[in-house]
Each structure stands twice: as C-alpha cells, then as structure tokens.
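Undergrad: Take this structure, written in structure tokens, and hold onto it; I'll ask about it next.
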Amino acid sequence: MSLLRLPGLIDPHVHLREPGGTHKEDFDTGTAAALAGGFTAILAMPNTQPPLTDAASLGLAKQAGRSKARCDYALFLGAGSENARAAAELAGQACGLKMYLDQTYGPLRLDDLASLQAHVRHWPAHRPIAAHAEGRSLAALILLAALRGRPLHVCHVSLREEILLIRAAKERGMPVTCEVTPHHLFLSERDASAIGPGRSEVRPRLATVEDVEALWDNLDVIDCFATDHAPHTLEEKDSTTPPPGFPGLETALGLLWTAVRRGRLTADDLILRMHTNPRRIYGLPEQPETFVELDDEAEWEVRGTELHSRCGWTPFEGRRLSGRVRSVVLRGREVFCDGRVLAEPGSGRDMMAS
Ligand SMILES: [Zn+2]
C-alpha cells in the first residue's frame, strides 16, 4: 500500500436537499458522503424547499447544519426576483449568491434582466456570485459582471463554446472563474442510454464527445472541479418525470485520481482545483490539521449500494477506479477510516458563522 497525503478537499457545489427533500439527502448523509469522498468542506446550494432566499429560510438550513453536519460547510443564498436588497444584507452569513439563469431543479430562477441587474448591483463586490448560466445566458452575465468589474464564478461549464468564451474573458483580464464537474469530464451523451433514460437526466446535459475533449484541452481555464452532487432517489429517476441530477461526492476523487494515474492531469493540478482555488475564490477559512490519506494504488469498483449518500445509486456504477480514501483527519480528529464515518452529526462547522 502506498499512502499519499492530500489536503482536505473542498467541494464548492453540493445539493444537500435540506430543508424539504430529506428523503433523498440531508446534512447528515450528505456530509457523511463528503467525508467518504475526501471532502472536509462543502458549499451547499440554495434550491431547497423553501429556497434559501431570506433570513428565515437561511436560518432553517443553518439550524439543520448545526445539528447534523459531519464536515465543515457554508451555504449559498439564492437570487430570486424580489430579494436583491435582502440577500445583500445577509451576504456575511453566506459563501456567495447563487443565480439560476437556466433550467434546473426547483423554482429558483431569474428570468428578467431587471432582477438580474439588481442582484449584480446590490451583492457586495468582494463576495462571489456563482451562476448557473449556459450559452447565451453566460455571455449576457459575463457582460453584466464586467460592466461592474465584479467577480463572477461560472458553475458546471459543459460546452466547448462556453469554455472558450471564459478563456476569452480571462484573457481580457475579467475576474471570471469557473468549475467543471467530473460527470462532464468522464461522461458524454453517448453514455446516456447505458445509464438509462431517466437516470441520465442532468443539467447541464451530458454533452458531445467534442465538448468533453474541449474541456480537457482547456484545463488551464478550469479553476475548480465541483461535483454538483445532486441526489434523487432511484424511484424518482426512473419515474415518468425524472428530476435532473447525479450524486457525485463519493466518485469525484477516484475518477480524477484515475486520470492522474493515466497522465491526463497531475496531482498538483488536482489539488489546485479541489482545495486551493475553491478556498481562494470563496474566501474560506483555513482548516488546521486537516488532511486526507489516499491509497494511491488501490483499485476499486463503484457500487451505488455502498455509498453513504441516501440516494443509493450512481451513474458510474461498475466503473473501475484507482485511488481510495483510507483516512480523513479534520481539525486534528480522524473523521473517516476504512469505509467508516467516525465524525458525529453536528461536529462540522459553519465556515460563515458570525
Ligand atoms: Zn447544482
């Protein structure tokens, strides 16, 4: 066995489904899945039920985190059509503002230019705006952010033209950063039929092989790898109205480490995108005495039934991966060891607690 020590990984894009969807995931199971995947901190998305758009809903989610989280976390506020001022007043309690400009899961979506501009104007310039913006929406949002000279983080980039647009914006010196998911790096539309018609539904959709290649070819433009862990039950995925989303916390490191072993990226490339950059972009506090021990040579097969996530399935079922998390230490305490989560619910910290 050859053990490598990595810093605690940070996933800047996770859906914990609490409040409102705890039959698919909650702070307890979602943060257990995070630790099993080598993540010691996660940033949770606001498209819950109710969505996190005001002090009351944010308080509900924070209470759930305080009593149940097993790793450290911070919450996004959601940009609604009416809450630009109220959200800005709560900015100190959130890791960022999440804007939905395109089709996603849940009702949280910005459709008109006026509310989009209000958020870009009111949200504090030193706190990140993270956006689900595809195609033309992405071009529009980059312009609005550039006009105000404020940072913008683009979530789950999946298309060739999008990564090239972000490259062009960066080359002009615009403060744009972006993330790509493992499923958009390791799956294409060709895999959809094998995964199954409902189970392969995800937003942004699985793209063409050419899009996947373009992401790999523009790795230098990609600031973060983010799972967009978006669990739904198999019953929901196999229904006539399958909701979009894949779980990803427990397969991300294995997929990316397998790519390291095959020479597609280096260990430093991975640490930069799964630790250093997420911390810098969101201004997250250091986690002292925190690290992951990875068995570099261990080979394993992905099985949905073995996941800690409540959803119990994965689009990577049966895939053989290299590199397995042996142990996770968070603030000096071993919180995961050989398949077992040792951290108690409630031991994780809110990184944006005042
Ligand atoms: Zn998402």
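Undergrad: What strands (runs of 3 or more DSSP E) completely inside the stretch 1-115 contain at least 3 residues that are within 24 Å of ASN277 (Cα to Cα) and within 16 Å of the ligand (Cβ to nearest atom)?
TA: 9-14, 39-44, 72-78, 96-100
Undergrad: Out of all the residues in the stretch 317-341, which are under 23 Å from ASP26 (Cβ atoms) and either surrounded by 17 or more Cβ atoms within 10 Å (Cβ to Cβ) or touching a Pro at 6+ places or on another chain (Cβ under 8 Å) (or both)?
TA: If the condition is that a residue be under 23 Å from ASP26 (Cβ atoms) and either surrounded by 17 or more Cβ atoms within 10 Å (Cβ to Cβ) or touching a Pro at 6+ places or on another chain (Cβ under 8 Å) (or both), then VAL325, VAL328, LEU330, ARG331, VAL335, PHE336, VAL341 are the ones that fit.
Undergrad: Return only the number of the condition from (1) in a helix (DSSP H, G or I); (2) within 13 Å of the ligand (Cβ to nearest atom) that GLU236 does not satisfy.
TA: GLU236 satisfies every listed condition except (2).
Undergrad: What pairs come up if the first residue lies in the stretch 241-257 and is more than 19 Å from MET45 (Cβ to Cβ) and in contact (Cβ under 8 Å) with a residue 60 or more places away in the chain, the second is assigned to a helix (DSSP H, G or I) and more than 16 Å from the ligand (Cβ to nearest atom), and their beta carbons are under 7 Å apart, counting only those six or more places apart or on different chains?
TA: Here the result reads LEU255/PHE186; LEU256/LEU270, each pair linking the stretch 241-257 to a residue that is assigned to a helix (DSSP H, G or I) and more than 16 Å from the ligand (Cβ to nearest atom).
Undergrad: Of the residues GLU289, GLU317, GLU297, GLU301, only one is modelled with pLDDT under 95 and out of contact with any Phe, Trp or Tyr (no Cβ under 7 Å at 6 or more places or on another chain); which?
TA: GLU297
Rundown of residues vs (1) assigned to a loop (DSSP other than H, G, I, E, B); (2) crowded, with 18+ Cβ neighbours inside 10 Å; (3) at pLDDT below 95; (4) not basic (Lys, Arg), yes/no style:
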residue: CYS178; (1), (2), (3), (4): no, yes, no, yes
residue: HIS183; (1), (2), (3), (4): no, yes, no, yes
residue: ALA192; (1), (2), (3), (4): no, no, no, yes
residue: ALA207; (1), (2), (3), (4): yes, yes, no, yes
residue: ASP211; (1), (2), (3), (4): no, yes, no, yes
residue: ASP220; (1), (2), (3), (4): no, no, no, yes
residue: HIS232; (1), (2), (3), (4): yes, yes, no, yes
residue: PHE246; (1), (2), (3), (4): yes, yes, no, yes
residue: GLY263; (1), (2), (3), (4): yes, no, no, yes
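Undergrad: If you scan the stretch 270-289, which residues turn out to be surrounded by 16 or more Cβ atoms within 10 Å (Cβ to Cβ) and in contact with an Asp or Glu (Cβ under 9 Å, 6 or more places away or on another chain)?
TA: LEU272, ARG273, MET274, ASN277, PRO278, ARG279, ILE281, LEU284, GLN287, listed by residue number.
Undergrad: Can GLU297 be described as out of contact with any helix residue (DSSP H, G or I) (no Cβ under 8 Å at 6 or more places or on another chain) and surrounded by fewer than 17 Cβ atoms within 10 Å (Cβ to Cβ)?
TA: yes
The values are calculated or read from the model by the stated rules, or taken from the named source; none is laboratory data. Bear in mind that the values here come from a model prediction, so they are computed numbers and not experimental data. When we count neighbours, we look across all protein chains shown, and the Cβ atoms used for this are built from the backbone with ideal geometry, even at glycine.
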